[in-house]
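The values are calculated or read from the model by the stated rules, or taken from the named source; none is laboratory data. Small disclaimer: the values here were computed from a predicted structure and weren't measured. Every residue, glycine among them, receives a Cβ derived from its backbone with ideal geometry; neighbour counts consider all protein chains shown. Areas reflect the complete protein model, heavy atoms only, side chains present, ligands, DNA and RNA absent. Shrake-Rupley method; radii C 1.70, N 1.55, O 1.52, S 1.80 Å.
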Amino acid sequence: LNLKDFTIPHGMIAQGTATIEGTRYSYDGIIRQNRGLLQMKGAYDTQNDSYLADLHLDSLNINDFMPKDSIYYFSGDVAAEGRGLDFYSPHTLANLQAQIRQLQYGEHNFIGIGADVQLAENQLTGNINSDNKYLLLDGKIDGLLLKDTISARMNVDVHRLDMRQLAIARDSMTW
């Protein structure tokens with residue numbers, strides 16, 4: 001992607017409150033774009049590098065921001081919390097939860113996709129899941145993040161994968 005591929009839609013409305021209290025910076029606000037909504041709430045403390053962020057997107061038309069792409073309406077949630085920004089440090093802690101409630105990509109409408117990931121003492125663990133008409137799966141990830149070594153293992157149980165509907169294959173290859 002190139003910056004020329006992005007645009008800021010006309011008529012967007014942003015409202016919010018930013019606060020600085022000592023070493024703690026926080027923001028709470030919303031962006032409205034036609035019928036779409038992005039709610040953001042977050043905080044960062046420079047003293048201990050701790051952070052907290054919650055994003056809630058509802059019917060945001062991504063195509064208005066990226067008109068050359070085929071991504072349209074998106075609804076989902078992201079929550080992140082942690083301490084430390086050096087992901088190779090054993091002292092860094094991070095928790096991330098993400099949920100796609102709706103993602104319209106071309107003619108496809110994806111729902112029910114989620115991830116839950118944690119990082120502590122260089123150990124990365126997490127779960128992914130998808131439950132929609134194209135893809136039904138459950139997966140786990142385990143990994144190690146070190147400055148000179150990154151290793152990960154993923155175990156995924158695919159219960160349903162409709163490759164024809166996903167335009168990955170011409171013939172129906174559902175299992």
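Computed values, structure above
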item	result
Positions within segment 46-92 being assigned to a strand (DSSP E or B) and hydrophobic (A, V, I, L, M, F, W, C), in sequence order	52, 53, 55, 57, 60, 71, 74, 78, 79, 80
Tally, over segment 23-69, of residues that are open to solvent by 50 Å² or more (accessible area, probe 1.4 Å) and touching a helix residue (DSSP H, G or I) at 6+ places or on another chain (Cβ under 9 Å)	3
Qualifying residue in segment 106-117 (condition: open to solvent by 60 Å² or more (accessible area, probe 1.4 Å) and in a strand (DSSP E or B))	yes
Residue pairs meeting the criteria (Cβ under 6 Å; at least 6 apart or on separate chains; first free of Cβ contacts under 8 Å to residues at least 40 places away in the same chain, in segment 154-170; second of a type in the set (Val, Ile, Thr))	154/141; 162/174
Residues within segment 70-94 that are in contact with a Gly (Cβ under 7 Å, 6 or more places away or on another chain), of a type in the set (A, V, I, L, M, F, W, C) and open to solvent by 50 Å² or more (accessible area, probe 1.4 Å), tallied	1
Members of segment 109-164 that are among the basic types (Lys, Arg) and more than 22 Å from residue 77 (Cβ to Cβ)	147, 153, 160, 164
Pairs where the first residue, in segment 118-133, is free of Cβ contacts under 8 Å to residues at least 24 places away in the same chain and the second is part of a loop (DSSP other than H, G, I, E, B) and open to solvent by 60 Å² or more (accessible area, probe 1.4 Å), C-beta under 8 Å, 6+ apart	131/111; 132/111
Hits in segment 128-162 (condition: of a type in the set (Ser, Thr, Tyr), at pLDDT below 95 and either closer than 23 Å to residue 107 by Cβ or not in a loop (DSSP other than H, G, I, E, B) (or both))	134
Residue check for residue 20: touching a helix residue (DSSP H, G or I) at 6+ places or on another chain (Cβ under 6 Å), without any contact (Cβ under 8 Å) to a residue 40 or more places away in the chain, of a type in the set (A, V, I, L, M) and farther than 30 Å from residue 145 by Cα	no
Where a residue in segment 30-52 is under 26 Å from residue 73 (Cα atoms) and in contact (Cβ under 8 Å) with a residue 24 or more places away in the chain and its partner, wherever it lies, is open to solvent by less than 40 Å² (accessible area, probe 1.4 Å) and of a type in the set (S, T, N, Q), with Cβ under 6 Å and at least six apart	35/59; 36/59; 36/61
